[in-house]
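First comes the structure, then the notes that go with it.
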Amino acid sequence: MRPMPRATLSAAAVLMATVAGKVVLHAHMRPAPPALDSGNARQELPDGPGKAELSKLCSGCHDLMFTVSTRETEEGWTRIVNDMRSKGADGTEAEFAKVIAYLTANMGKPGPDTADRLR
C-alpha cells in the first residue's frame with residue numbers, strides 16, 4: 001500500500017475542518033422564522049366576493065402577502081391579471097372578473113376618475 005501524497009492529505013484536512021466549522025456554526029445559529037405561506041396570507045385577506053378565486057388562481061405562483069401590499073387602480077389590476085393570464089394563469093372569464101373586482105375593491109387606489117368624483 002502506497003502512502004497518500006501530502007497534497008491529498010492537506011486537501012482532506014481542509015475539507016474536514018470546513019465541515020466541522022459549518023457544523024459548529026449551524027449549531028449556534030438561531031432558526032429562521034417560518035415563512036408566511038399562502039394559507040396564512042389567505043386568512044389575512046379581507047373577506048368579500050372574489051377572495052376564493054384570488055386564492056385559487058394566484059396563490060399557486062405568488063405569495064399573497066405581495067398582493068396585500070400592492071395598490072392599483074382597476075385598470076392596473078386588469079393589466080396585471082391579464083399579464084398573469086398570458087403567462088399561464090388558468091381560470092374562467094367569470095373567475096378573472098371576480099379577482100379583478102376583489103383586488104380593485106380591497107387593494108385598489110383611486111384612479112383619476114375617482115378623484116374627479118370626490119371634488
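5 Å is the cut-off here: which amide hydrogens, built 1.01 Å from N in the peptide plane, fall below it relative to Thr73, excluding neighbours closer than 5 in sequence?
Answer set, sorted by chain and number: Lys109.
Could you work out how much longer the chain between Lys51 and Arg85 gets when fully extended? Use 0.36 nm per residue separation minus the Cα distance between them, nm to one decimal.
Stretched fully, the Lys51-Arg85 segment lengthens by 10.5 nm.
HN-Hα J couplings of region 69-80 from phi, Karplus 6.51/-1.76/1.60, θ = phi - 60°, integer Hz, Gly and Pro as x?
Karplus values, whole Hz, x for Gly and Pro: 8, 8, 10, 9, 6, 4, 4, x, 5, 4, 4, 5.
If you count, for each residue, the other Cβ atoms within 10 Å and average over each peptide, how do 55-64, 87-96 line up from highest to lowest?
Descending mean neighbour count gives 55-64, 87-96.
None of the figures in this text is laboratory data; all of them are computed from the coordinates on show. These figures come from a predicted structure and were not determined experimentally. Neighbour counts run over all protein chains shown; Cβ positions are idealised from the backbone, glycine included.
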